[in-house]
1. Residues that are more than 27 Å from K172 (Cβ to Cβ): list the strands (runs of 3 or more DSSP E) wholly contained in segment 49-145 that include at least 1 such residues.
2. In segment 22-52, which residues are under 15 Å from A138 (Cα atoms), aliphatic (A, V, I, L, M) and open to solvent by 30 Å² or more (accessible area, probe 1.4 Å)?
3. Taking the residues in segment 100-128 that are over 20 Å from W167 (Cβ atoms) and modelled with pLDDT of 90 or more as candidates, determine which candidate is least open to solvent (accessible area, probe 1.4 Å).
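The values are calculated or read from the model by the stated rules, or taken from the named source; none is laboratory data. Predicted, not measured: the structure shown is a model, and the values here were computed from it. Here the Cβ is made from the backbone with ideal geometry for all residues, glycine too, and neighbour counts use every protein chain on show. Side chains are part of the model used for accessible areas, which takes the heavy atoms of the whole protein and leaves out ligands, DNA and RNA. Shrake-Rupley method; radii C 1.70, N 1.55, O 1.52, S 1.80 Å.
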Amino acid sequence: MSSSATVVESISCASIGHKQKTALLATAVIILIDDNGVARALLDSGSECYFITERFSQRIKAQRKKIYLPISGKSFHPQSALELVRTPTNVEFLVLPMVTIDLPATSVDTSTWDMPRSIQLADPSCDSSNPIDVIIGAEIFFDLFKVPGRIPLGDNLPVLVNSVFGWVVAGKATMSPSTALVVANVATVAGIHHLMENFWPIEEDSISTAYSVVVL
């Protein structure tokens, strides 16, 4: 990691009206470390760091390193990352009790969407509100979308974007009328470069990825 600060954003908005609007953020089901580590990931170009939940880090039994990184931001009580997990490919994840809210914030009805039958979704449950295990940040974000392909689903509907994980569903959508919901989560980690250099040297090697099943 090369940044002096980190911002992780997850935003979902709904407006009052006949049809309420929301936004689907890019999510994918990935393999972290090995086949026991199947995780639901938020692909976040606005994050300079990687985050993992405490529960999931225990599940994969990853090696940990003690750290102290203060974190604050909107919708977050002041907290600190006390541990860091490094994968065999030198990806470093900050461990937090929760990395973001369940996404999407509200489940979306996709029954009327004209989804191509031949595609493989990166997250087959992208329309259902479920927990996020990890956040994949900007360091490799754009490398995940080197595969060509983009399919608009229609007016006021999201777009399918091809990725190394499969087709990602992201963008605007509508949901059934209900209580309007606006959620914004922003977490900031201050001075991360200075703090982390005391524990592990900054790696210069690039991160290798396999483009069928991506293992981080």
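1. 50-53, 64-73, 76-86, 92-96
2. L25
3. T100
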